[in-house]
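This report concerns only the one structure given below.
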Amino acid sequence: MTNPIGAIFGRSPIRPLQGHMAKANACVDLLGEIITASAGEDWGRVEELQSELQEAKSDADEIKRDIRSHLPTSLFLPVARTDLLELLRIQDDITFRCKDAATMVLIRKMVVPQELLAPVKAFFESTLSIVQQAQTVINELDELLETGFRGKEAEFVATLISRLDEMEASNEKTEVSLLSEVVKHEQSIPPVDAIFLYKFIDCIGAIAHSARKAGSRLLVVMAS
């Protein structure tokens, strides 16, 4: 980290939160690369990517600590301190789930069965799109502050959040379809491998859910 977060707070209480979300997005990107590398059983590459993901998470953790340490307690904050901390907690869950999934793949040398690889990748790409949409929403916080959470900017952000909700609803259907495919092939998958595959899919779904929650929390901020 090259810039002290305390200095960033001098310009905007929102910038560190946006930086934290960018790190969360980077973790999800790296998880996608890990899925691809593990499919080819390139475990050296998986280990490298897992280390990169851990580094991105560590950067996010540093931002998180600095936000908690430097966030003013003043009543004159443009956004309630509790709302900012809740957004931070939601974003932090994304990085945690990514680390959990990546570690699972590396330690177990987990390979998604070839017949399930395409639907797993499709589900992941859908989840990645949701996280990217959530980052777009969080990046609008500066503009929202300038407009007092009113007017055309607020309407624009509400539209972004509505789209985020639609994307997650669609993603949930994709997850159900994927799980149905896993059930169909369950007999050909070693039982322990099947358990971890279900857990891996659940991690991906939880990432999407947390990204959607970030948008929902911002709606609460806009309404307050």
Do we find a residue being within 21 Å of Ile34 (Cβ to Cβ), under 18 Å from the mean Cα position of the chain (by Cα) and in a helix (DSSP H, G or I) anywhere in the stretch 153-174? yes
Self-check item: Filter pass, His185 being at pLDDT 95 or above and farther than 19 Å from Lys99 by Cα
Solution: yes
If you go through Glu153, Glu146, the only one that is surrounded by 15 or more Cβ atoms within 10 Å (Cβ to Cβ), out of contact with any Cys (no Cβ under 7 Å at 6 or more places or on another chain) and farther than 29 Å from Gly205 by Cα is Glu153
Taking the condition at pLDDT 95 or above and not in a helix (DSSP H, G or I), does Glu47 pass?
no
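Residue-wise test of (1) in contact (Cβ under 8 Å) with a residue 24 or more places away in the chain; (2) under 30 Å from Ala154 (Cβ atoms).
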{"position": "Ser170", "(1), (2)": "yes, yes"}
{"position": "Lys173", "(1), (2)": "no, yes"}
{"position": "Ala194", "(1), (2)": "no, no"}
{"position": "Tyr198", "(1), (2)": "no, no"}
{"position": "Cys203", "(1), (2)": "yes, no"}
{"position": "Ser210", "(1), (2)": "yes, yes"}
{"position": "Leu219", "(1), (2)": "yes, yes"}
{"position": "Met222", "(1), (2)": "yes, yes"}
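The values are calculated or read from the model by the stated rules, or taken from the named source; none is laboratory data. Since this is a predicted model, take the numbers as computed values, not measurements. So basically every Cβ, Gly included, is an ideal-geometry build from the backbone, and we count neighbours across all protein chains shown.
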